[in-house]
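Report on the structure given below.
The numbers here are math on the coordinates, done by the rules we state, and not lab data. Being a predicted model, the structure only gives us computed values, none of them experimental. In this analysis, Cβ positions are derived from the backbone assuming ideal geometry, glycine residues included, and neighbour counts consider all displayed protein chains.
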Amino acid sequence: MKYYITLIFFIPVIIFSCQESGKTSHKNVTAKTDSINAGTKSGIAADQTENKPGLLLKNSDLHDSSFVFIKNWSDDFVDDMKYATEDNFMKKKVYDCDQCMIRKKVALALINANRDFIKKGYRIKFFDCYRPLDVQKVLWEVYPVEGYVANPYTSGSIHNRGGAVDITLVDRENRELNMGTGFDHFGEEAHHAYTNLPQAVLNNRRLLKDVMEQHGFKSIKTEWWHYNFGEARSFALSNFPTECD
Ligand SMILES: [Zn+2]
């Protein structure tokens, strides 16, 4: 009799435990599938919302256009995201996140370029990467000069498509190479065609440009620090905010 009472007491416990276990397992599968699906969708709506879960994944299944934090893929970069500080031409912090976020395909090209720089004793430091369209409007309000700041009300910036980076090089002691001007110097001294600079500065700019071009990036006339990834215009304009831990 005692045996039956014990059994009657335990059977509901066993059944309840199995149900909980099944629920948990189902939840895990659903979450994983959602993340992967989110990373493979494209288009403006997907970029603003559903693409975000892909940010934290290091997953080869992610679509080329998924956004990733490059530090999740490589430890070899230096982040100095100027718009996440007040050390920029607006003297205003406009990003919540101080890490470089970029499309996966661009991230992979940057990793390959950085590998070449590392062989030469340098590595890439980021000043800016993906930039939400709303932040582009803030930049445009302060400095509405095309050639330096892209008009957010026409085509926007390649930064808004997650396909451009603002970078410099640092040496093994993390010292920036002399590029002749600082980041966001809006003047002819920052132009690629401006050659009235010490030979060492011209060599540094040339090194940056040569390696970036070998990996599918293109420079623009007015900013030595800005590089567009070749296919970036096919990426959608995006406007989800920069958020990280
Ligand atoms: Zn730029």
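If R0 is 22 Å, the Cβ-Cβ spacing of ASN178 and LYS209 corresponds to a FRET efficiency of close to 0.90. Amide H neighbours of TYR148 under 5 Å, counting only residues 5+ apart in sequence or on other chains, H built in-plane at 1.01 Å? Close amide H contacts, sequence-distant or interchain: none at all.
Could you pull out the chymotrypsin sites (Phe, Trp or Tyr not before Pro) across region 137-245 that fall in loop regions by DSSP (anything but H, G, I, E, B) with no more than 13 other Cβ atoms inside 10 Å? Spell out each step's value before the answer.
On the way: sites: TRP140, TYR148, TYR153, PHE183, PHE186, TYR194, PHE217, TRP224, TRP225, TYR227, PHE229, PHE235; in loops: TYR148, TYR153, PHE183, PHE186, TYR194, PHE235.
Answer in residue order: TYR153.
With a ≥ b ≥ c taken as the square roots of the eigenvalues of the C-alpha gyration tensor of region 148-245, please select rounded if a/c is under 1.5 and otherwise prolate if a/b is larger than b/c or oblate if it is not? If you can, show how the numbers build up before the last one.
Working: a/c = 1.87, a/b = 1.60, b/c = 1.16.
Prolate is the answer for region 148-245, as a/c is 1.5 or above and a/b outweighs b/c.
An oblate overall shape is assigned to region 60-207, the ratio a/c of its alpha-carbon gyration tensor axes (a ≥ b ≥ c) being 1.5 or greater and a/b not exceeding b/c.
Karplus-based coupling profile of region 133-139, in residue order and whole Hz: 4, 5, 6, 4, 5, 5, 4, with θ = phi - 60° in 6.51 cos²θ - 1.76 cosθ + 1.60 and x standing for Gly or Pro. For a distance above 17 Å, tell me the whole-number percent of Cα pairs in region 193-245 that qualify. Above the 17 Å cut-off, region 193-245 has 52 percent of its Cα pairs. Couplings for region 161-172, taken from phi via the Karplus curve 6.51 cos²θ - 1.76 cosθ + 1.60 with θ = phi - 60°, read 9, x, x, 9, 9, 10, 9, 9, 10, 10, 8, 5 Hz in order; Gly and Pro are left as x.
With the simple spin-label model, which puts each label point 7 Å out from Cα in the Cβ direction, the GLU231 to GLU146 separation comes to 2.8 nm. Length gained on full extension, THR195 to TRP73, computed as 0.36 nm times the residue gap minus the Cα-Cα distance: 40.3 nm.
Approximating the spin labels as points 7 Å out from Cα along Cα→Cβ, the THR154-to-LYS92 distance works out to 2.3 nm.
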